[in-house]
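S.K.: Attaching a single structure in structure tokens format; questions to follow.
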Amino acid sequence: MPDPRPHLGEPLAVDLLNTRWMTPAGQQDLLTDVDGLRRWLADNNLTAVADEPTLRAVVTAREAVLRTVRGESIDDLNKVLEHGRIRRTLTADGPADEPDVRHPEWLPAWLAADNLLHLLASTPGRIKQCDHPHCVLWFHDTSKNGARRWHSMATCGNRAKATRHYAKKAHPGS
């Protein structure tokens with residue numbers, strides 16, 4: 001079954017945020033059941049077991065990531081990060097950093113939280129919510145000047161431009 005979400009291909013933490021989206025029928029949520037979790041894990045090449053404990057951990061991480069990117073709280077993200085750490089090792093191929101998570105159901109959640117840390121360190125201020133007033137999607141702004149406003153120019157960007165155009169036609173000179 002194809003992923004029903006309208007915006008894919010973002011880094012793991014942002015993709016987790018985008019498991020909620022709007023349709024004409026209202027807000028949708030991919031993570032309401034284990035089947036949705038299985039879809040999200042597969043889309044992100046994560047091999048964790050799709051079960052209720054993993055679903056709860058991933059939803060907890062999604063809320064923590066959301067509060068962090070909104071600037072509301074970092075405490076919940078730090079609680080997710082407490083479930084694991086990076087273990088540095090030397091392998092036959094050289095140095096390696098490997099996730100070390102105590103409880104396997106927390107691995108996908110921890111990886112998303114860790115991904116957010118990397119994004120915040122490498123590109124601060126570039127995780128943005130779509131500027132369209134009826135969109136709840138997020139994106140990682142990789143534009144050269146960091147001025148991207150919409151998760152997709154083809155959908156939300158065009159809607160915003162069309163709204164401005166029709167408003168000017170309805171109210172000339174304003």
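The values are calculated or read from the model by the stated rules, or taken from the named source; none is laboratory data. Just so it is clear, the model here is predicted, and its values are computed rather than measured. Positions of Cβ are generated from backbone atoms using ideal geometry, with glycine treated the same way; all protein chains shown enter the neighbour counts. In case anyone asks, the SASA skips ligands and DNA or RNA and just uses the protein heavy atoms, side chains included. Shrake-Rupley method; radii C 1.70, N 1.55, O 1.52, S 1.80 Å.
S.K.: When you go through (1) open to solvent by less than 70 Å² (accessible area, probe 1.4 Å); (2) part of a helix (DSSP H, G or I); (3) farther than 18 Å from D114 by Cα; (4) not aliphatic (A, V, I, L, M) one by one for W21, which number turns out not to apply?
M.R.: In the conditions (1) open to solvent by less than 70 Å² (accessible area, probe 1.4 Å); (2) part of a helix (DSSP H, G or I); (3) farther than 18 Å from D114 by Cα; (4) not aliphatic (A, V, I, L, M), W21 misses (2) alone.
S.K.: Filter the stretch 17-48 down to the residues that are touching a helix residue (DSSP H, G or I) at 6+ places or on another chain (Cβ under 7 Å), farther than 11 Å from A109 by Cα and hydrophobic (A, V, I, L, M, F, W, C) and list them by number.
M.R.: Quick first cut of the stretch 17-48, residues touching a helix residue (DSSP H, G or I) at 6+ places or on another chain (Cβ under 7 Å) only: 17, 19, 30-31, 34, 36-37, 39-41, 44, 46, 48.
Within this subset, residues satisfying the condition of being farther than 11 Å from A109 by Cα are 17, 19, 30-31, 34, 36-37, 39-40, 44.
Matches in the stretch 17-48: L17, L30, L31, V34, L37, W40.
S.K.: Looking at the stretch 130-144, can you tell me whether even one residue there is without any contact (Cβ under 8 Å) to a residue 12 or more places away in the chain, of a type in the set (S, T, N, Q) and closer than 30 Å to V34 by Cβ? Reasoning before the result, please.
M.R.: Here is the first cut: in the stretch 130-144, the ones without any contact (Cβ under 8 Å) to a residue 12 or more places away in the chain are 133, 143-144.
Adding the requirement that they be of a type in the set (S, T, N, Q) leaves 143.
From what is left, the residues that are closer than 30 Å to V34 by Cβ are none.
No, the stretch 130-144 has no match at all.
S.K.: If you don't mind, there's one more thing I want to ask. Say whether the condition of being within 27 Å of S143 (Cα to Cα), touching a helix residue (DSSP H, G or I) at 6+ places or on another chain (Cβ under 9 Å) and part of a strand (DSSP E or B) is met by at least one residue in the stretch 1-15.
M.R.: So in the stretch 1-15, the residues within 27 Å of S143 (Cα to Cα) come out as 3-15.
Filter once more, keeping what is touching a helix residue (DSSP H, G or I) at 6+ places or on another chain (Cβ under 9 Å): 3-15.
Filter once more, keeping what is part of a strand (DSSP E or B): none.
No, the stretch 1-15 contains no residue that is within 27 Å of S143 (Cα to Cα), touching a helix residue (DSSP H, G or I) at 6+ places or on another chain (Cβ under 9 Å) and part of a strand (DSSP E or B).
S.K.: Let me ask something else. Just to be sure I understand, how many residues within the stretch 21-40 are touching a residue at least 24 places away in the same chain (Cβ under 8 Å) and under 13 Å from the mean Cα position of the chain (by Cα)?
M.R.: Filtering the stretch 21-40 down to residues touching a residue at least 24 places away in the same chain (Cβ under 8 Å) leaves 21-22, 27-28, 30-31, 39-40.
After this cut, where a residue has to be under 13 Å from the mean Cα position of the chain (by Cα) as well, the list is 21, 30-31, 40.
Total meeting the criteria: 4.
S.K.: Enumerate the pairs (first residue in the stretch 43-57 and modelled with pLDDT of 95 or more; second residue anywhere and not in a helix (DSSP H, G or I)) with beta-carbon separation below 9 Å, excluding pairs fewer than 6 apart on the same chain, so at least 6 apart or on different chains.
M.R.: D43/D3; D43/R5; D43/L8; P53/H103; T54/A48; L55/D33; A57/H83; A57/H103
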